[in-house]
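Visitor: Could you have a look at this structure, given as C-alpha cells, before my questions?
The values are calculated or read from the model by the stated rules, or taken from the named source; none is laboratory data. Note that this is a predicted model, so its numbers are computed, not measured. Positions of Cβ are backbone-derived with ideal geometry, glycine not excepted, and every protein chain shown enters the neighbour counts. In case anyone asks, the SASA skips ligands and DNA or RNA and just uses the protein heavy atoms, side chains included. Shrake-Rupley method; radii C 1.70, N 1.55, O 1.52, S 1.80 Å.
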Amino acid sequence: MAIKPLLFYLIILYTVSVNSQSCNCDITLTNLKSSSLNLIWASNITYSPGDVICIPAGNYSGFRFYDFEGSATQPLTIKNCGGKVVITESMYSGISFQRSKYIHLTGTGDENEAYGIEIAGTGNGSMGIYVENLSSDIEIDNIEISNAGFAGIMAKTDPQCSKPLTWRSNGFVLKNLNIHHNYIHNTGGEGIYVGFTGGYKIKTNRSCSGTPIFGHWLENIDIHHNVLEFIGWDGIQLNLVHNNGKIRDNYISNYGLENVYYQNFAMSIGGGEYEVNHNFILNGLQEQGRGIQIISGESGTKVFDNVFLRPKLHGIFLHNRHVFDDVNDGYYITNNTIIEPENSGVFYNTKITETNDPSILYNSQDVVSSYFTNNLIVDPGNDYEGGNTWKQNQESYFDFNNRSNRDSLLQNIVSNIMTREADTLGLTNILNGDYSQITQLSDLYDINSNISTWGTTDNTKLASKISKRPNYYGASDFQFAKMLPSKSKLLDQNKSNKDSRPIAKETVIYPNPTNSSFQIRSKYSKNPIVELITMDGKILYNTTYSIGTPISVQNYTSGLYFVRIISKEKSEIHKLIIQ
C-alpha cells in the first residue's frame, strides 16, 4: 500500500454555512479546528466571484486555501466575522494561498477590531501569510502578524526543476499584489518578502539539468501604510517587479535585529523599476539596521520624500550591476531627509558586474544621468574634508565608487542641504527623539531649487519624472511627524482605516515628563516585563511589572529615555522624559 504524505493525515473536516446574514457573509466556514491545520479546498465549496467567505471569531490553527478564484472585477473576500480571529500555528504558515487568484483577505470584518485577524505565531521558518504556488492578484489588509518563524508576509513562487510552470521562461507573472494597513512585528526573518532573490538577468542560483532558470516577474505591486517593527531581517524585501513597483507610506523601526549580514536593511529592493516614497525609517535601539539598498533598479527608479534616522552604513545605497535598460535614464533621488547615517547619506555604484559581454565587465556607466536634488543630509559618519583623496566634503554626503562617476553627475547634484550642524536647522530635538519638530522648519522652505519649474535642457527630464511640488528641502509630507519610536500615529491610521472604526486604546506612560516616578496603563492580560533604556541602548532597569505600581526614576539623570514593555501579546516602546 502506498504511503500517503503527512498532510493527508492533517486534513480537517469542516462544513460551510451558506447565505449567512452576519457580516454580509455569503459563506461561513464552520467546524474549524484549533489543534491542527485547516485545509480549505475550493472544490468542497459552492461559491461565485464576488462572494464573501467568513471565518467566525475564535482561536484556530493555520489555514491553507487551495484553488480559490474570484475575478478581476469581483474578487473573493475572506474576512473575520463576529469579533477577532486569532491564528496560532505551531508548524506551518498562519494563512497560505495555493493556486489561488483574485482574493481579498481582510481583517475588517468587525468594526470594533482594528486588526480583526491576528496571526499570533507560526512554525519555525514559516510565514504569517504566504502567497505561494502560482497564486496571484491578492489584496491583504488590516492583519496583525507577530512571532512569525520567518517572514511576516511572503509572496512568491520559487522556480523548481520539477515544476516548469514556475520558471520565468514559461510565463507566470505574479500581478496586482496590494499589501496595506497591516501591523507586522517580532518576526524571525523579513517583515514583508516579495519576489525571488536568487537571480535577475544574467546570473541565477538555480539550474535544471545544466539549464539556468530564473524566478517569475511581478507587476503592479503596492506595499503601503504598513507598520513594521522588531523585525529580525530586512523590513521590506521586494524583487523582480518589472512594471509598477511601489513602496510607500510605511513606518519601519527596530529592524535587522538578528544582524544577519546584508539582511538588515529597512528595504532591500532589486531587479526592476520602483517608486519608493513617504516612508519613515527609524533605526532601532540596537542600531543594527541599514537604510535601503537598490540593486539593479532599472531606469526611472525614484526614491523621494523618505525619512531615514541614524541608519547604519548609508541612508540610500545604489548599485546597478547590469547595463541600464535605457542608457540615457538613471535614478531620481529627491527630497529625502537623512539624519546621522553611519557612513554617507547616499552611495552610488555604477560598476557593471554582471554582463554577457566581457568587454564591458567592470565598466562604470558614467554616461547615464541620475539626479540628486533637494535632499537634506545631516552629519554623516564619513569625513573626507581635507583628506589626500579625490573625495572631499561633498562625498561625505553623496559618495561614489569612482571619481569619473562623480564627475559625470556633478551637474545633477544640486540644491541639497549638507550640514554637520543639526542645531542650526532646528533639528536638535529630532536628534533627541522629538520628531514633532520635523515639520515647518522655516530654514528648509522656499530657498531651494523648485524642480517643478525646471525647464533647462539638462533638467527637463527631472521635472517630468517627479511630480510638481513647492520649494522645500527634505521630505515634504510628514504624516509621520509626531510618531513615537514605536507604532504610534501610523498604527492609529491603520486602526481607523474605516472612518467608522473606533481607535483602540493605547498603552499610556504617565506622568510624562516626570521627576519622581511613572506608571503604565494598558490592556495587557498579564503582568508584562518593563525595561527602562537609555538613548544609547543601555538597560537601566528591568522588572515584572504590576499594572498601576509606580516606578521610581529619582536616581536617574534628566533626559530622554525609552520604556520597553514586553508581554505575550506584543512588545512596544514609548518615550519617557525625566526632568
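Visitor: Select from region 404-434 the residues that are loosely packed, with under 13 Cβ neighbours inside 10 Å and modelled with pLDDT under 80 and list them in ascending order.
Guide: Within region 404-434, GLU421, ASP423, THR424 qualify.
Visitor: Picking from LEU105, LEU76, LEU134, which residue would you name as being of a type in the set (A, V, I, L, M, F, W, C), closer than 20 Å to LEU177 by Cβ and surrounded by fewer than 21 Cβ atoms within 10 Å (Cβ to Cβ)?
Guide: LEU134
Visitor: Could I ask something else about it? Could you tell me how many of the residues in region 167-193 are crowded, with 20+ Cβ neighbours inside 10 Å and either free of Cβ contacts under 8 Å to residues at least 12 places away in the same chain or touching a helix residue (DSSP H, G or I) at 6+ places or on another chain (Cβ under 7 Å) (or both)?
Guide: Qualifying residue count for the region: 2.
Visitor: While we're looking at this one, here's another question. Any residue in region 153-166 that is in a strand (DSSP E or B), surrounded by 24 or more Cβ atoms within 10 Å (Cβ to Cβ) and on the phi < 0 side of the Ramachandran plot?
Guide: Within region 153-166 (the criterion being in a strand (DSSP E or B), surrounded by 24 or more Cβ atoms within 10 Å (Cβ to Cβ) and on the phi < 0 side of the Ramachandran plot), the answer is yes, since at least one residue qualifies.
Visitor: Considering only residues that are in a strand (DSSP E or B) and open to solvent by 50 Å² or more (accessible area, probe 1.4 Å), which ones fall in region 209-224?
Guide: If the condition is that a residue be in a strand (DSSP E or B) and open to solvent by 50 Å² or more (accessible area, probe 1.4 Å), then THR211, PRO212, TRP217, ASN220 are the ones that fit.
Visitor: Taking into account only those residues within region 539-559 that are open to solvent by 30 Å² or more (accessible area, probe 1.4 Å), hydrophobic (A, V, I, L, M, F, W, C) and part of a strand (DSSP E or B), which is modelled with the lowest pLDDT?
Guide: ILE539
Visitor: Mind listing whichever residues of region 385-403 are at pLDDT 90 or above and assigned to a loop (DSSP other than H, G, I, E, B)?
Guide: TRP390, LYS391, GLN392, TYR397, ASN401, ASN402
Visitor: Looking at LEU238, LEU228, which is the one that is under 16 Å from GLY297 (Cα atoms) and either open to solvent by less than 10 Å² (accessible area, probe 1.4 Å) or touching a helix residue (DSSP H, G or I) at 6+ places or on another chain (Cβ under 7 Å) (or both)?
Guide: LEU238
Visitor: What pairs can you find where one residue is in region 375-394 and open to solvent by 60 Å² or more (accessible area, probe 1.4 Å), the other is not polar (S, T, N, Q), and their Cβ atoms are less than 6 Å apart, with a gap of 6+ or different chains?
Guide: TRP390/ARG403; GLN392/TYR384; ASN393/GLU385
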